[in-house]
Amino acid sequence: MSTSRDVAILGAGMHPWGKWGRNFVEYGMVAAHQALDDAGLEWGDVQYVSGADTIRNGYPGFIAGATFAQALGWNGARVSSCYAACASGAHAIHTARAQILAGFCDVALVIGADTTPKGFFAPVGGERRDDPDWLRFHLLGATNPTYFALYARRRMEAYGATATDFARVKVKNATHGLANPNARYRKEVTVEEVLASPIVADPLHLLEICATSDGAAALILSSLDFAHKHGHDNPARVSAVSTVTPTFPNSIIEMPNFATDSGAASAPPERTFRDSIAGAALEEAGVGPEDLDVAEVYDLSSALELDWYENIGLCKEGEAERLLNDGDTTIGGRIPVNPSGGLACFGEAIPAQAIAQVCELTWQVRGQATGRQVEGATVGLSINQGLFGHGSSVIVTR
Amino acid sequence: MPRLKERVPAIEGWFTTGDAPALLGTRCTGCGTYTFPKGQGFCPNPACTGHDLAEVELSRRGRIWSFTDNRYQPPPPYVSPDPFVPYAIAAVELAEERMVILGQLDTGTDLETLKAGQEVELVLGTLYEDDDHEYLIWNWRLVQ
């Protein structure tokens, strides 16, 4: 399993998700210190800070690596920040890993944190007639749930999925998240309660669409040499990071676009964009979907979780509902998905979320996921997609 | 008697407003790849080095790939009537262009009757109004 391109995950830390209404830097500090404690290191040991960005105040420099480096106390560490929408966290992991593998540093902090406003995510303000994200709200009234609902309805039309199938995803994730101290929503729900909640975008109900949350997540990554020298004999490892973009012509409508690519002059790619996100990670780690013990997938909606089962290759196209209903993706099943509770229990704190997925996988492969442990897990995959064509998938092994 | 408002497109250059309205896209004169909205001087097909994108009217008819509605008022810059009126959105496949394009469905479309594969046609609808103008947008309407 181990490859020479693995890096060690020495520490993981999170500030609980919620709607705390405080400055995001505060959350980031909590997550960073927790990750450092977990690693048994001091802030002064960190040589590189890789920040996950989101857009705030119209530019991404505000929520960035340097913001946290300053808050932790300038120590001269080198810094980078990356914006990849919902995928920012995994891209920040990728950047830190590349720095370590290139030998530019031994120890890196990866960090993301945010404070979110209430309600729908909205585009950056002003009149931005050259920005598709602004235009989709203005000309179409197409919110994020619009796109999630189009995918959900497509499952119903193409595979005969039902509203009850989608509701069961929420029920499963709500149960998984009950014991997770970092989850925002820790309450069981029934299929009936999900279906009785208001429809936001047909066929998706309020309880099936992820909320926007405050939260923070951090990781301490190091070279394997450094890990071994500092008493981490068998650390969790990052064994692959996929940050692929789509292959032309991308025939699935993607946020925030008005249209897909045109396939008029080109054969469709071998893999859809979402298939390729998982495929690139699996190939890099040298494992197949059948080797996975656990997965954390980006359930922006209940129905979207089912799409991811197929994109990862946990089942064939059109069979995700059966996988769910057979209990395969429940803890105790063949391939538990979202043991953390997923976005269903967290809501989304954009720059922190993909890092939080990897925190969960770290705890899973260490056997530390109290109350939600997937027994014997040694290989986990996280997967996520950011608007404008940002893929992200991370494979964690031990 | 109410003053007649001037009917203007909500965005310039994205669609025509005649009797048979159509979306305006581009088609690469080299490889034939379409783009909507209009491309900007380079073909998006990585196998093509074309730079000559001709403005074309896209097919006025297509088939529903998927559909939804919106029951909560979106944030600005969506301009909502007061009170908010829910609306439906469809993703429509155009056969010739081999692409899927979003649009609001014609007012009054009943989601319960929709199915993937149904044929729709491009019409104009009102996106929002102010004192002097009615701002037009493309809508998809079921072909009966």
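Every number in this text was worked out from the coordinates using simple rules, so none of it is lab data. Since this is a predicted model, take the numbers as computed values, not measurements. Positions of Cβ are generated from backbone atoms using ideal geometry, with glycine treated the same way; all protein chains shown enter the neighbour counts.
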Among A:HIS91, A:HIS205, A:HIS230, residue whose mean-square fluctuation peaks in a GNM of chain A (springs only between Cα atoms under 10 Å): A:HIS230
Cysteines having no other Cys beta carbon under 4.7 Å from their own, within the protein assembly as shown: A:CYS82, A:CYS86, A:CYS105, A:CYS210, A:CYS315, A:CYS345, A:CYS359
Percent antiparallel among DSSP beta bridges (both partners in the protein assembly as shown, rounded to 5): 75
Positive-end residue of A:PRO203, A:VAL287, A:GLY141, charge dipole of the protein assembly as shown with Cβ unit charges: A:VAL287
Filtered trypsin sites (Lys or Arg not before Pro), the stretch A:122-215: DSSP coil and at most 12 other beta carbons within 10 Å: A:ARG129, A:LYS187
GNM result for chain A, Cα springs below 10 Å: residue of A:LEU41, A:LEU304, A:LEU224 fluctuating most strongly: A:LEU41
Chain lengthening between B:PHE84 and B:ASP52 when straightened (0.36 nm per residue, less Cα-Cα): 7.2 nm
Debye, to nearest 20: dipole size of the stretch B:44-116, +1 on Lys, Arg Cβ, -1 on Asp, Glu Cβ: 200
Distance in nm between pseudo-label sites at A:ARG22 and A:GLU319 (7 Å out along the Cβ direction from Cα): 4.8
Environment charge of A:GLU310, counting only residues whose C-beta is closer than 9 Å and scoring Lys/Arg +1, Asp/Glu -1: -2
Selected from A:MET156, A:VAL374, A:PHE258, residue furthest toward positive end of dipole (chain A; charges at beta carbon): A:PHE258
Bins of 10 Å from zero: percent of alpha-carbon pairs in the stretch B:59-142: 17, 48, 28, 7
Summed residue charge, Cβ within 12 Å of A:ASP299's Cβ, Lys/Arg positive, Asp/Glu negative: -3
Summed side-chain charge close to A:GLU192 - residues other than A:GLU192 whose Cβ falls under 14 Å, Lys, Arg +1, Asp, Glu -1: -1
Overall form of the stretch A:90-174 per C-alpha gyration tensor (a/c, 1.5; a/b vs b/c): oblate
Sparse-neighbour loop sites [GluC sites (Glu not before Pro); the stretch A:127-197; at most 13 other C-beta within 10 Å; DSSP]: A:GLU127, A:GLU188
Chain A: relative contact order in percent, alpha carbon pairs under 8 Å with at least 6 residues between: 25
For the stretch A:206-269, alpha-carbon Rg relative to the globular expectation (2.2 N^0.38 Å, N residues): 1.94
Residue with peak Gaussian network fluctuation, chain A [Cα springs, cutoff 10 Å], from A:ALA152, A:ALA217, A:ALA354: A:ALA152
Over the stretch A:255-335, volume per residue of the alpha carbon convex hull, in Å³: 121
Candidate lysines - alpha carbon under 24 Å from A:LYS172, same-chain residues fewer than 8 apart omitted: A:LYS19, A:LYS187, A:LYS316
For the protein assembly as shown, size of Cβ-based charge dipole, Lys and Arg +1, Asp and Glu -1, in debye: 600
Inter-chain Cβ neighbour average for residues A:146-156, partner chain, 10 Å: 5
Under the Debye formula (equal points on every Cα, no solvent term), log10 I(q)/I(0) of the stretch A:126-263 at q = 0.14, 0.17 Å⁻¹: -0.97, -1.12
Eligible lysines near B:LYS5 by straight Cα distance, threshold 29 Å, same-chain separation 8 or greater: B:LYS38
Three-way shape label, chain A, alpha-carbon gyration tensor, a/c 1.5: rounded
Percent antiparallel among DSSP beta bridges (both partners in the stretch B:59-142, rounded to 5): 95
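Largest first and in whole Å, what are the equivalent-ellipsoid semi-axes of the stretch A:322-398 based on the Cα gyration tensor, each being the root of 5 times an eigenvalue?
21, 15, 12
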Electrostatic dipole magnitude of chain B [Cβ: Lys, Arg +1; Asp, Glu -1; Cα centre; debye, to 20]: 420
Distance in nm between pseudo-label sites at A:ALA102 and A:ALA179 (7 Å out along the Cβ direction from Cα): 4.2
Modelled FRET efficiency - R0 56 Å, A:ASP275 with A:ASN75, Cβ distances, 0.05 increments: 0.85
Rg over Rh, two decimals, chain B (C-alpha only, Kirkwood Rh): 1.01
Mean residue ellipticity (222 nm) of chain A, computed from DSSP H runs ≥ 4 via -39,500 (n - 2.57), nearest 500: -10000 deg cm²/dmol
DSSP-loop trypsin sites (Lys or Arg not before Pro) across the stretch B:52-144, with at most 10 other Cβ within 10 angstrom: B:LYS115
Kirkwood estimate for the stretch A:1-90, i.e. one over the average of 1/r between Cα atoms, Å: 14.3
Residue mean of other protein chain beta carbons inside 10 Å, A:263-271: 5
